[in-house]
1. Any residue in the range 90-119 that is more than 21 Å from Pro26 (Cα to Cα) sitting within a Cβ distance under 7 Å of a residue that is at pLDDT 95 or above and open to solvent by less than 50 Å² (accessible area, probe 1.4 Å)? List the pairs, counting only those 6 or more apart or interchain.
2. For the range 88-128, how many residues are in a loop (DSSP other than H, G, I, E, B), more than 20 Å from Leu37 (Cα to Cα) and touching a Pro at 6+ places or on another chain (Cβ under 9 Å)?
3. With Leu21, Leu64, Leu37 as the choices, which residue is free of Cβ contacts under 8 Å to residues at least 12 places away in the same chain and either open to solvent by less than 50 Å² (accessible area, probe 1.4 Å) or not β-branched (Val, Ile, Thr) (or both)?
Amino acid sequence: MELDYRHPIDMWSLGCILVELHTGEPLFAGRHEADQLEKIVEVKGMPPVQMIESSPKAKKFFTLNGLDEFGQKKYELRSKSVVKKRDLSQIIGVNTHGPNGRRLGEPGHTVIEYLKFYDLVEKMLEYDPTKRINPIQALQHPFFAPILQDKSSEESSSSSTSQTSNSSGSAVAAPSAPNTTRTDVMKD
């Protein structure tokens, strides 16, 4: 749509990447610009009116289709293909423990964990860049809490680790455990 690109677009991209890593398929696999937009609308619905109207390519992709019940302009995609609705929670597999139930019974793949993942991705895929989650907020999201707790407990245990001596008798800190991450969560 050729709108202003700034840092929030990176969060959108990260949301797409997380879903692709989880499902093994691109979330918005368009063959060209118009098809890409259709794929986005299938999952996210129509972009906000102000976003459409501020796009230099609005006339290429959208047509005005009257007013809604509140008197607001209503747009539709210019393409002639029927846009089928795709539900992000079904794509992720929130209620099935992963796409096609692939992770049923595995640790870290409860409905609660999937709901956290879904919520994080939804916030990353917010149309309005001013409302989209930023990197700091994303890292503070409940989805990452187990990772941050693991890291926090690792740091506290490594700081309380006893010191050892090197060959010259000087005290040196004992090596800490390698940095671990929670790779089991949402990985397919």
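The values are calculated or read from the model by the stated rules, or taken from the named source; none is laboratory data. Bear in mind the structure is a predicted one, so any value in this text is a computation, not a measurement. Neighbour counts run over all protein chains shown; Cβ positions are idealised from the backbone, glycine included. Note: areas computed on protein heavy atoms with side chains; ligands, DNA, RNA excluded. Shrake-Rupley method; radii C 1.70, N 1.55, O 1.52, S 1.80 Å.
1. Val111/Val94
2. Result for the range 88-128: 2.
3. Leu64
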